[in-house]
Amino acid sequence: MLLFYICLLFFVVLLMPNTHENFDPFLNISFSIIFLILILSYFLKRRRYIKNWLRFDLVFLIGYFIVHFQSSLLYSIGLDDQVIPHPWVNIEVVNYATWLSLLAIIFWFMGTTLVSEKKYYLLSKVERNNVFVDRISPMIDKVIVVSFALFIVVAGSALFSGIYDGGRSWGAGAGYFYLLLTFSIYLRTIYFVLSLEKKTSIKHAIKSLTTNKIYVASLLFFVLMFLSVGDRGPVISVVLLFFTLYGVYVKPFSFKTVVVSMVIAALLMTILGLGRTRIAENIGSQGIIERGYTALISSDEIIIPSAELAGSNKILFAALDNVPTRYPYLYGKSFVINFSSALPIPGVTQLFTDLLEIPKYQTTTTHYFTYILIGTNPTWGAGSEVVADVYVNFGVFGIPVVFFLFGLVCARYSFATEHFGKHVKVSFIIVYAGLVVNALSINRGMLLYPLMPIFYMLTLYWLLRITQSGLRKFK
């Protein structure tokens, strides 16, 4: 496969367009077709040794296609007039942006290819010492209950107001309790699924639910609370984690099941997105689903469920048009800050910011793109995009290197977890979980998104293990 990717890479380099040139529909359609050939060959190879279809790489690559190819492809065939003709978009950079996205993902594929089954067979002999301890589960439940209570108290009535504002109306400090709550639920989900036997029967699964009442109740309340205001991100992450791990450890999901489920989920998320509101007067007597459904059926335009996700590509267009001609490269500044902010160490981010003298608008690419596109006094954020995130930090030549390394990391933890299940360390599974919960959002955000849940879950896991060991010795 590596030779195939190298040959395809050579062909793609020959198709390299100018940074600024007239939009070419044929060229953009060709790039999309090449990407589809890439993922088809990749999954045809992987299906020979893994039956489960609901996993990180599938979700990540679907999201990557939507963000980086959907808009240019649909615009090329006359079906999309929302993203490309946007005020932020200089249409002359679209050819190059789509080509650069294709180049980046080829190097990701090359990185994943270097991790083979044979290597993981050898690795499994070393890592065949899983330290799963179910006695930690009750301790995680206590953390969930306490963090949930503190989060609700600090966030206040804004949680149940029915207004979606991305958490800006929460009380001061609520964000910290939200992170602790979210990552505790992630870790507890890992432990719950690991406690199930392979091909668990429905009867046993129901019994497992009844013996995990605190976790089940907390999970349901967490999902319903955020669905009620239309905040889809936390819900997508936790649901995706649960079913991905279930498919890996309990019962594989078929391709048909995954496709049907994703279509239904996309439709539901679209309705929730249409039904949410930032203004209290718009709530009325209708629930969020009823408002969303009414907006869906009354719309005069064709609503594409993935349109919002695809719209993130305009950030890449804007990045290529503005950096470095109008604004400088960041030279890795935001990567340093993102890494430090992911560490569960208070004050370390401010230390790096002061030490490197980094202005606030350069601390993350979400701030940087907001500064570039909206100005110095924004009332909302422009967001980010994964290829643009790497580009403004390391330039065009940095993209192949970074995506190649990212492919290596994804393959190392994905392949080990999916192939050898409970025979790898729980820390491997935690890293894989961090990738899974960001499998979609990483495409419309920053490359280092998975670091925070990974670091926090590992820290919580190690602290609970130490506490458990101490309690056992004390007894």
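The values are calculated or read from the model by the stated rules, or taken from the named source; none is laboratory data. Predicted, not measured: the structure shown is a model, and the values here were computed from it. Neighbour counts are summed over all protein chains in view; Cβ atoms, including those assigned to glycine, are modelled from backbone coordinates with ideal geometry. Accessible surface is based on the protein model in full, side chains and every heavy atom, while ligands, DNA and RNA are left aside. Shrake-Rupley method; radii C 1.70, N 1.55, O 1.52, S 1.80 Å.
Figures for the structure shown
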read-out: Hey, VAL193 part of a helix (DSSP H, G or I), open to solvent by less than 20 Å² (accessible area, probe 1.4 Å) and either over 20 Å from ALA433 (Cβ atoms) or among the β-branched types (Val, Ile, Thr) (or both) or not; value: yes
read-out: Selected residue (criterion: farthest from ARG55 (Cα to Cα)) from residues of the range 368-407 that are open to solvent by 50 Å² or more (accessible area, probe 1.4 Å) and assigned to a helix (DSSP H, G or I); value: TYR371
read-out: Single unsatisfied condition, MET457 versus (1) under 18 Å from ALA342 (Cβ atoms); (2) free of Cβ contacts under 8 Å to residues at least 40 places away in the same chain; (3) under 19 Å from the mean Cα position of the chain (by Cα); value: (2)
read-out: Residue ID - most open to solvent (accessible area, probe 1.4 Å), chosen from residues in the range 408-445 that are over 11 Å from the mean Cα position of the chain (by Cα) and of a type in the set (D, E, K, R); value: ARG412
read-out: Criterion: more than 26 Å from GLY395 (Cα to Cα) and of a type outside the set (Ser, Thr, Tyr) - qualifying residue of PHE43, PHE60, PHE10, PHE23; value: PHE43
read-out: Some residue of the range 202-219 being touching a Pro at 6+ places or on another chain (Cβ under 9 Å) and farther than 20 Å from GLY434 by Cβ; value: yes
read-out: Residue in the range 287-295 that is at pLDDT below 90, open to solvent by 60 Å² or more (accessible area, probe 1.4 Å), among the small types (Gly, Ala, Ser) and under 27 Å from LEU227 (Cα atoms) present; value: no
read-out: Complete set of residues in the range 335-366 that are open to solvent by 60 Å² or more (accessible area, probe 1.4 Å) and in contact (Cβ under 8 Å) with a residue 24 or more places away in the chain; value: PHE339
read-out: Checking THR467 against (1) under 18 Å from the mean Cα position of the chain (by Cα); (2) assigned to a helix (DSSP H, G or I), the condition it does not meet; value: (1)
read-out: Yes/no for PHE183 being farther than 28 Å from LEU274 by Cβ, part of a helix (DSSP H, G or I) and within 17 Å of the chain's Cα centre (by Cα); value: yes
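Condition check ((1) among the hydroxyl-bearing types (Ser, Thr, Tyr); (2) open to solvent by 20 Å² or more (accessible area, probe 1.4 Å)) across all residues:
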position	(1), (2)
SER30	yes, yes
ILE39	no, yes
TYR42	yes, no
PHE60	no, no
SER76	yes, yes
ILE84	no, no
GLU92	no, yes
